[in-house]
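Only one structure is covered here, and it is reproduced in the block below.
Please treat every number below as a calculation from the coordinates, not as lab data. Owing to the predicted nature of the structure, the values given are computational and were not obtained by experimental measurement. As a convention, Cβ positions derive from the backbone with ideal geometry for all residues, glycine included, and neighbour counts pool all protein chains shown.
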Amino acid sequence: MLEARDLSKSFGAIKAVRGVSFSARDGQITGLLGPNGAGKSTTLRMLYTVLKPDAGDAFIDGRSVRDEPLAARRALGVLSHGAGVYNHLTARENIAYFGELHGMSRSDRAARATELVELLEMQPFADRLAKGFSQGQRLKTALARALVHRPRNLLLDEPTNGLDVMAVRGLRKLLVQLREAGHCILFSSHVMQEVDQLCDEVVVIAGGQVVAAGALADIRARTGNRQLEDAFVSLTGGKSEGDPS
Amino acid sequence: MNLRGIWAVFRKEFRENLRDRRTLLSALVFGPVLGPVLLAAMMQFSISHGVTQLDENLTVSVAHAERAPNLLAYLNARGIDVVKVDFDEAAARRAVAEQTHKIILEIPEDFGARLQEGQPAPVILYSDSSRAFEQRAVARVRGLVAQYGIEIAQLRFLARGIDPISVLPISVQEVDVSTATGRSVLVLSMMTYLVLLSMLFGGLYLAIDATAGERERGSLEVLLTSPVPREHLMYGKIAAAAAYMLISLVLTVTMFSIAISFVGLERFGATANLGPRAALTMIGCCAPLITFGAAYLSIVAGFAKSYREAQTYLGLVITIPTLPLMFAGLLGLQAKALYMFVPFLSQHLLLTTVVRAEEINPLYVAISVISTLFYGLVLTWIAGRLYRREGLLG
């Protein structure tokens, strides 16, 4: 369960996020949708405690990211933008390292790494150095790393960027699996179809503010658009602060 | 305080960099091998060169030797081997320029006649003053020829009933105390510089990789979401850089110790002190610097946005701590309690003392160790604070 309450963040004169509030429930996939530069990443980064909100607060399973960041982090799995992995470690070592940082015992993290390697079908490359990994292999490694401590909540920042069709499908399948297992999943995206296919709930952000939130059907009904894309354009005023990449 | 996070980061950085060729080369090869080998070669050259000039006969080519048999006999008796050549002025110039003959002494045609008439008799000495190594040989020939002239003058005074001593009112006696031993100690003082630099280089790439590199790869963000206090992440990284510096330091000093023993200083009566005991003392004196160096490099690399940027900064920054050594060399600083508060300078002075096999002052060692460790811990703390900043993420 994730809850953002009136989050605000500025970088110098730029107000990146202005009073964002929403919640993401367990057993659901929530999409954070918005054009480039809308404040999606900044919002996520405040949720996963890398940035401190200027105002407002966020709660991960009831833990404040301001007051108890370490406790909040324990309840969080994070796939950051770019999914950087350690090139001189194998996939398995990458996973185990984060297990260790989360305080898991040696045997526990080894067992969990094996479990994740099977879950994500990483067997062919699990014991190779990450140096020569493809984007898809990197993403799987980063995902497994995010899941190593069995977090209830999973935050993904534009996870499908740079992935081919097969990898996107694999990711989608996994997210659905995790939802079935009762996890709370929040991911950001600027790709309409993805959100359309996967999400139960959507939070649309534009200009650092929430412009719409709720079930997909509700949003479509509210904007009178049958297609999500049209709804998105009418909600965000058709403005994009950057070129879609 | 739970130190598990520091340990986890330390182990991961240590292992990951063990697989990185760049780190390994800089920690285990460049400093520890190249430095000592280079220095030993320089010392070998310097010593053997000095010996050649002091003891061995000097070969001088002489044009028209038949015009001055007595002068040649005089030179011959004083360690000059004469090679007779038949050059005119142009040929002599060419021969020296081309280095087929290094020093040529030309006896002009009127040498004998002028000498008999009591006129100044010229001789011409060709050499190339841009070749520094021959200057001592040239000076030796010049000195001998002048000495020969003085002896003739003295004979002339005697023949005229004048005491030759009275026309030599001043006698300059030069004492050159530069010996093979002295020169080797001069080179050895360079060694402390190389040891300290090599130590810093040992942790350089790890410090860059663990800070700027991690940020550039995009793994820093996820690392910061682990439930480990941010400053602990930095402490772990500094500890790993320090471990590589320690390895580099131990290897470098060991290699110096071995390399110097091959040079065979004893043959020349030099007593550079680099046995196992001295080597251990040197490592012990430098070890406190490791925390300082690792934290220092990590802080600088932490400000850089990319690996490349960090490399640029550090290439420059790594030389700053060694500046006091330059001053020490230029000003000829001797160990003093006050200097022991200056990191790098205190280690340099202590190391020099050890190499010269002089008595080492325990108070100096204590000041150096404690103050350097203190600075190192302060820098480590600052580095930890740096990792709490959001600007870190760029």
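Among A:68, B:66, B:216, the order by Cβ neighbours within 10 angstrom, fewest to most, reads B:66, A:68, B:216.
Ordered by the number of other Cβ atoms lying within 10 Å of each residue's own Cβ, fewest first, B:110, A:61 fall into the sequence B:110, A:61. Highest mean first, the peptides B:343-356, B:195-208, A:155-168 sorted by other C-beta atoms within 10 Å per residue fall in the order B:195-208, B:343-356, A:155-168. Altogether, the Stokes-Einstein calculation at 10 °C and 1.306 mPa s, with the Kirkwood radius of the range A:1-145 over Cα pairs as Rh, returns a diffusion coefficient of 95 µm²/s. Averaged over the residues of peptide A:82-91, the number of Cβ atoms from other protein chains lying within 10 Å of each residue's Cβ is 6.
Over all Cα atoms in the range B:289-344, the spread is summed up by Rg and Dmax: 14.0, 42 Å. Compactness of the range A:88-150 was expressed as the Cα radius of gyration divided by 2.2 N^0.38 Å, which yields 0.98. Distances between every pair of Cα atoms in chain A, grouped in 10 Å steps from 0 to the bin holding the largest one, split as 8, 32, 36, 20, 5, 0 percent.
Once the C-beta distance of residue A:107 and residue B:330 is scaled by a Förster radius of 60 Å, the resulting FRET efficiency is 0.50 to the nearest 0.05.
For the pair residue B:261 and residue B:25, the difference between a 0.36 nm per residue extended length and the Cα-Cα distance amounts to 82.5 nm. Compactness check for the range B:246-365: Cα Rg over 2.2 N^0.38 Å is 1.22.
Here chain B carries DSSP beta bridges of which approximately 25% are antiparallel, counting only pairs with both residues inside.
Excluding residue B:103 itself, calculate the net charge of residues whose Cβ lies under 12 Å from the Cβ of residue B:103, where each Lys or Arg counts +1 and each Asp or Glu counts -1. In short, +1. Between the helical axis of B:230-263 and the longest alpha-carbon principal axis of chain B there is an angle of about 30 degrees.
Distance from the Cα centroid of the range A:86-134 to that of the range B:232-258 is 28 Å (rounded to whole angstrom). Which residue fluctuates the most in chain A, going by a Gaussian network model with Cα springs under 10 Å, if the choices are A:149, A:81, A:190? Highest fluctuation among the options: A:81. Taking the Cα atoms of the range B:109-166, the ratio Rg/Rh between the radius of gyration and the Kirkwood radius comes to 1.10.
The orientation-averaged projection of the convex hull spanning the C-alpha atoms of chain B amounts to 27.0 square nanometres.
Karplus-based coupling profile of the range A:191-197, in residue order and whole Hz: 9, 4, 4, 4, 5, 4, 6, with θ = phi - 60° in 6.51 cos²θ - 1.76 cosθ + 1.60 and x standing for Gly or Pro. Measuring r between the beta carbons of residue B:385 and residue A:230 and using R0 = 51 Å, the FRET efficiency lands at 0.55.
For a straight C-alpha distance cut-off of 16 angstrom, the aspartates and glutamates reachable from residue B:84 (same-chain residues fewer than eight places away being disregarded) are B:66, B:106, B:109.
Using only the alpha-carbon atoms, how far is helix B:180-208 inclined from the longest principal axis of chain B? Give it as 0 to 90 degrees, nearest 10. Compared with the principal axis, the helix lies near 30 degrees. The mean count of C-beta atoms from other chains within 10 Å of the C-beta of residues in A:68-78, rounded to a whole number, is 3. The eigenvalues of the Cα gyration tensor, multiplied by 5 and square-rooted, give the range B:57-167 an equivalent ellipsoid with semi-axes of 27, 16, 12 Å from largest to smallest. Taking B:158, B:297, B:373 in turn, the Gaussian network model of chain B (Cα-Cα springs below 10 Å) assigns the largest fluctuation to B:158. Over the protein assembly as shown, the pair-distance histogram of Cα-Cα distances with 20 Å bins from zero comes to 16, 32, 22, 15, 10, 4, 0 percent, rounded to whole numbers. Only Lys, Arg, Asp and Glu carry charge here, each on its Cβ (+1 for the first two, -1 for the last two); on that basis the range B:57-167 has a dipole of about 360 debye about its Cα centre. Across peptide A:95-102, the average count of Cβ atoms from other chains found within 10 Å of a residue's Cβ is 6.
For the residues B:245, B:43, B:190, a GNM of chain B with alpha-carbon springs under 10 Å puts the largest fluctuation on B:190. Each part reduced to its alpha carbon centroid, the range B:323-380 and the range A:143-194 end up 57 Å apart. A 19 angstrom limit on the alpha carbon distance is what I want to check against. Which of A:9/B:237; A:140/A:173; A:131/A:173; A:52/A:140; A:52/B:237 exceed it? Where the Cα-Cα span goes over 19 Å, the pairs concerned are A:9/B:237; A:131/A:173; A:52/A:140; A:52/B:237.
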